[in-house]
Amino acid sequence: MCLGIVYFAKITECFKKMRPLLQIYILLCLAIILNSCGQTVSSGKAVFQYNEPTGIASLDPAFAKNQSVIWAVHQLYNTLVETDSNLNIVPLIASSWDISEDRTAYTFHLRTDVYFHDNDAFPNGKGRKLTAHDVVYSFSRITDKSVASPGAWIFNNRVDSVHPFIALNDSTFQLTLQRPFSPILGVLSNVYCSIVPREVVQKYGKDFRSHPCGTGPFQFKFWDEGQALVFWKNPHYFEKDGKGNPLPYLDAIKVSFYDSRATEFLQFQQGNIDFINDLDPSFKDEVLTKTGQLKKQWVGKIDLQKHAYLNTEYLGILMKPDPTQSNPLLNKLVRKAINLGFDREKLILYLRNSIGKAANSGFIPAGLPSYNDTLVQGYHYDPIKARQFLEESGYVKTKPPIKLLTIPIYADLAGYIARQLEDIGLNISVEVIPKSLLLEQTAQSKAPFFRASWIADYPDAENYLSVFYSKNPAPPNYTRFNNAAFDALYELAMNTPNDSARFELYRKMDRIIVEEAPLVPLWYDEVIHLVSPSVKGFPANALNWLELRHAKKN
């Protein structure tokens with residue numbers, strides 16, 4: 001009989017008393033047992049299972065800087081506000097909020113039925129009620145230099161330098177800004193802003209990464225790093241569904257850590273994993289047609305989910321002159337020729353099996369409410385006009401070389417673009433380098449032409465347009481773009497509370513980006529999930545967060 005996840009609590013209590021060698025033996029056995037459990041356990045509990053091939057570095061929300069950590073942290077913690085399926089900001093821990101007339105003070109009224117998970121750091125081990133003081137502590141911790149949270153930027157130069165976070169009483173929290181910043185509610189929906197309890201953080205110190213405690217729908221139970229991670233349903237979770245039933249519906253979540261995408265796909269086929277996020281290039285032709293549909297042999301066996309994803313893939317162009325070398329990309333006509341010189345539609349069709357949308361508008365991706373490809377018209381494949389721009393630029397007289405930097409998984413895409421650009425007369429070469437080196441070179445403004453992507457930290461186009469605001473360093477302004485008209489519009493937008501008026505300012509900025517061409521938009525991404533038919537209530541979303549509160553499993 002399969003041991004099952006439901007007995008882990010008793011095991012972990014005994015586990016602490018065992019000798020180290022015996023602990024290692026038990027961990028190995030548990031890993032084998034977990035992998036043999038399949039979709040069901042002997043108790044009949046509903047266990048959602050997924051794989052994290054990149055591993056999970058931490059379960060501390062202050063360090064939730066990549067998708068693998070965000071997914072796990074999102075199950076354990078809550079934020080003051082969150083985004084709904086339409087990217088609207090809606091209440092979560094905060095039941096409501098008020099905004100001062102000058103729009104620099106946000107006063108949040110908190111729910112009084114939110115409790116932290118049970119933990120030994122609390123009296124008698126019972127989770128206590130969350131208060132506004134916990135919000136102050138959590139936000140202050142993000143900005144604490146000794147913590148060194150990679151999320152500190154979300155408050156830098158935005159919140160008041162003296163009293164940014166105040167607990168007016170146990171159920172009222174106030175945030176004060178230096179100046180109006182319209183997207184601040186979206187910022188607060190970021191997982192960096194998850195609320196943590198001081199007692200638990202102080203009890204475990206740096207080990208809080210592996211001893212998490214939040215208020216979320218699931219609570220931590222077991223983590224054998226690199227082998228298995230288990231969360232259990234939080235029996236005291238405060239949210240209910242529309243019929244008054246308590247959430248979540250699932251009893252547990254189990255995460256495996258197969259680093260091979262081939263093994264992951266096999267485990268999915270065998271029913272040991274409930275969904276796969278994205279498709280490895282080696283499997284896309286096996287599963288999908290060129291038009292992005294399931295092939296016949298998979299219909300009925302897999303549910304295919306596709307949804308607009310707030311991610312723009314692009315080629316960045318360094319706009320900062322280097323006195324030690326000439327750079328043909330500083331000529332706007334050459335940059336425009338590149339934008340016109342390759343076929344995005346064919347790239348999406350043949351190399352991506354129609355996953356994503358050709359980026360024929362600006363930098364703001366499809367999926368955001370301010371996106372409008374009629375009001376912001378970008379570049380379409382036009383080799384004749386591209387050659388004309390190259391002639392006018394004078395490039396064709398000497399054809400100086402242009403090097404495109406990319407990482408291994410995008411080598412085929414870069415090669416496709418380079419071949420098409422060669423056909424219009426550009427001297428393009430592709431250099432494939434490690435991701436860490438590319439990030440280092442772009443941050444140091446040493447990469448004149450590079451492949452990149454921008455995934456939304458929060459659902460507001462400001463997050464994209466800040467990439468070109470001249471007062472921002474690299475990151476996020478990797479191209480070192482500097483345009484006075486753009487900067488003025490950006491600052492005006494941050495002081496514009498009306499959504500419609502702000503969206504029009506965003507589009508004006510995006511049109512400047514199209515005209516000046518400091519980048520080459522490639523495609524607006526799509527979330528693609530392969531889901532087991534046994535799982536329901538698990539739709540994809542534009543942020544591609546793992547949302548399991550409403551998921552059910554047969």
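Here is a yes/no grid of residues against (1) at pLDDT 95 or above; (2) of a type in the set (K, R); (3) assigned to a helix (DSSP H, G or I):
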residue: D303; (1), (2), (3): yes, no, no
residue: K306; (1), (2), (3): no, yes, no
residue: T312; (1), (2), (3): yes, no, no
residue: M319; (1), (2), (3): yes, no, no
residue: T324; (1), (2), (3): no, no, no
residue: L333; (1), (2), (3): yes, no, yes
residue: I338; (1), (2), (3): yes, no, yes
residue: I348; (1), (2), (3): yes, no, yes
- Note on the structure: Listed by first then second residue, the pairs whose first member lies in the range 157-183 and is charged (D, E, K, R), whose partner is modelled with pLDDT under 95, with beta carbons under 6 Å and at least 6 positions apart or on separate chains, are none
- Item | Hits in the range 131-153 (condition: closer than 20 Å to F173 by Cα and at pLDDT below 95) | A152
- Query: Is it fair to say T442 is in contact with a Leu (Cβ under 9 Å, 6 or more places away or on another chain), over 27 Å from E345 (Cα atoms) and in the same structural domain as L505 (by TED's automatic domain parsing)?
  - Reply: yes
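Among the residues of the range 273-315, which ones are aliphatic (A, V, I, L, M) and more than 30 Å from K336 (Cα to Cα)?
Step one: of the range 273-315, the residues aliphatic (A, V, I, L, M) are 273, 276, 279, 287-288, 294, 299, 302, 304, 308, 310, 315.
Of everything in the range 273-315, those that are aliphatic (A, V, I, L, M) and more than 30 Å from K336 (Cα to Cα) turn out to be I273, I276, L279, V287, L288, L294, V299, I302, L304.
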- Query: So which of A132, A167, A121 is in the same structural domain as L92 (by TED's automatic domain parsing), crowded, with 17+ Cβ neighbours inside 10 Å, closer than 14 Å to G214 by Cβ and of a type outside the set (V, I, T)?
  - Reply: A121
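Of a type in the set (A, V, I, L, M) and in the same structural domain as Q444 (by TED's automatic domain parsing): does that describe I302?
Details: of a type in the set (A, V, I, L, M): yes; in the same structural domain as Q444 (by TED's automatic domain parsing): no.
Spelling it out, it is not the case that I302 is of a type in the set (A, V, I, L, M) and in the same structural domain as Q444 (by TED's automatic domain parsing).
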- Task: Give the residues of the range 450-484 that are more than 21 Å from F181 (Cβ to Cβ), in contact with a helix residue (DSSP H, G or I) (Cβ under 6 Å, 6 or more places away or on another chain) and either of a type in the set (S, T, Y) or not in a loop (DSSP other than H, G, I, E, B) (or both), sorted by residue number.
- Result: F450, R451, Y478
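Given the criterion surrounded by fewer than 15 Cβ atoms within 10 Å (Cβ to Cβ) and outside the structural domain of D423 (by TED's automatic domain parsing), identify the matching residue among K296, K346.
Being surrounded by fewer than 15 Cβ atoms within 10 Å (Cβ to Cβ) and outside the structural domain of D423 (by TED's automatic domain parsing) holds for just one of K296, K346, which is K296.
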- Please go through the range 387-412 and pick out each residue that is surrounded by fewer than 20 Cβ atoms within 10 Å (Cβ to Cβ) and in contact with a Ser or Thr (Cβ under 8 Å, 6 or more places away or on another chain). P400, P401, K403
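The values are calculated or read from the model by the stated rules, or taken from the named source; none is laboratory data. Every value quoted in this text rests on a predicted model; they were computed, and no experiment measured them. Note that we place each Cβ from the backbone using ideal geometry, even for glycine, and neighbour counts take in every protein chain shown.
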